[in-house]
Amino acid sequence: MRNFKFPSKAQINSALSSFSKKEKIVFVGFLVILLGSTMLILESINRSFLAQVPLRGGSVTFGVIGVPRFINPVLANSEADLDLVSLVYSGLMRKGADGSLIPDLASEYEISKDGLVYTFTLKNNLFFQDGKPVTADDVLFTVNEMKDTDIKSPRKVDWDGVAVEKTGEKTIQFTLKQPYTSFLENTTLGIMPEHLWNNTPLELNTANTSPIGSGPYMISKAEKLSSGIIGSYRLAPFRKFALGEPYIKNINLHFYQNESDLVLALENGEVDQIKSISPESAENLREQNYQIGSAVLPRVFGLFFNQSQNQLFTDKVVVSAINRAIDKNKIVREVLFGYGTVIDGPIPPNITALQEPKTEENNLSREEIVEKVKSDLAKDGWKAGEDGFLAKTNKKDVRKLQFSISTGNAPELAKTAELIKDDLAAVGIKVEIKTFETGNLNQNVIRPRKYDTLLFGEIINHESDLFAFWHSSQRVDPGLNVAMYTNAKVDKILSEAPSVVDREARKQKYGQFLDEIKKDMPAIFLYSPSLIYSMSKNVNGPLLDNITSPSDLYLSAYSWYTETENVWKIFAKR
């Protein structure tokens, strides 16, 4: 076989010189097409090998309602404090983007077979933002401050009955009195540097407004208003953060007195992002093409019956009629503008995977449901009086189908109460609405249990929180069993379930709890609201799926980014 040789330059020139003018034009045209096609093919091949990766840089500005006062994990209670704690501090564990817990300062942990002992080992080369190392002593100090009865931390109850000890230079051990399946979540508690806090009472320490943690961001600048209060913070990435240096170069937090000022700051371009806004504000912003997001919160709003105050609620026919007559979807639609989820039980939808069974009435129209409720009440002996409302005549007296709803003066609660009143009036049930300022409601209505029904919201961060709201021991103030509910079987379930380690067995327990609540109907469960926020369109990265508090939104901020670059996939590593 003869060896192939490319033509020489002279041979090419000779061939081209033999072309006619027309042939030369055609040849050049084909050559341009060939080169263009080749470039497009190469570009396509190159793109198939490229990946878009985050680039460090950029900045974002958050608007927050409130003024930071106690930016430490033990005392933080306001949203402003908690937001900064999420950004500045790290715990042994951290809630990941999918809601699962991932090691943060901890390299590993072990749980004893009986579920009573948790042993954590710290990672190597951990540092606080002032350059001092993070040690087991800092963990011990933080937890003991949390447990201190004189300090009165709002989260002290999470650590009651938990013994903590340092078992090595890098190991810390927690011993529980009984198994507690949600305990691991407690270890997301931000760790405070003992050397900055141990010589001054927590409330008086200057570190409250100049915090030092080991989290993804650290304070680089603080600006005060003329009144002397903090007006804004600038945060910079902490390069030695245990989960890797964050991408965004600067995070700014500006503080506002109320929602109106917060929304105005977004519209004026003072801030990029805001959260914890009302559904009405969210809809107004959406109409202006702002990007609105939401996540269901573990909150349960319902109408809680006080059988001790009004004997009507011992009548299952009446209670069932109330439940079916209330149009919950309309409440979510008109009060929450769709930013919420209809519920039929005391456990928020993002806490367990338990699902309420569908009933026959799920397929009926509202008109059909109303007529069926009227029919059922009539069969039970309730008849309309001259005023159009129902009553039942006994040998001794006339029993009227009426009660009052007590609630707070927040617009959403007041409007919900009005919708409930209208729905119940449609089936002949008379309702009086009593609204109270929050302090007055708590002090003079809830604490002494002076209400027929209470339109109220409960925060259920963990399954174990159900004990405080439904165990009979919590019926009297300061307990939170506002339905005054008593059921020995439920008491047993709520006492035992938190210590059941097996997930399926624990789920079965709470299923039994739901069955009892559904049978007794001590409350009408209405909705779980959503956290509503407006995020900058320039911010990319994961947001938490399972949010228990508004400040959880910032837990994944170390993975957010505003700038990107294209690199070959083999180099696309953090």
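By the combined test of axial Cα extent (at least 15 Å) and Kyte-Doolittle hydropathy (mean at least -1.0), the qualifying DSSP H helices of the chain come to 21-48, 136-147, 366-379, 411-425. In loop segments of the stretch 381-430 as defined by DSSP, the trypsin sites (Lys or Arg not before Pro) with at most 13 further C-beta atoms inside 10 Å of their C-beta are 395, 396. The lysines within cross-link reach of residue 113, meaning a Cα-to-Cα straight distance under 30 Å and a gap of 8 or more places when in the same chain, are 95, 123, 147, 156, 166, 170, 177, 489, 492, 507, 509. Our summary gives the stretch 465-504 a relative contact order of 34 percent, counting only alpha carbon pairs under 8 angstrom and 6 or more residues apart. Straight-line cross-link reach from residue 383 at under 22 Å between alpha-carbon atoms covers these lysines, not counting any fewer than eight positions away in the same chain: 316, 372, 374, 392, 395, 396, 400, 421, 430.
Taking every alpha-carbon pair under 8 Å whose residues sit at least 6 apart, the stretch 446-566 reaches a relative contact order of 15 percent. Rounded to the nearest 500, the 222 nm mean residue ellipticity of the chain from helices alone is -8500 deg cm²/dmol, with -39,500 (n - 2.57) taken per DSSP H run of at least 4 residues.
The numbers here are math on the coordinates, done by the rules we state, and not lab data. Model, not experiment: these values are computed from the prediction. Reconstructed Cβ throughout: ideal geometry from the backbone, glycine too, with neighbour counts over all protein chains shown.
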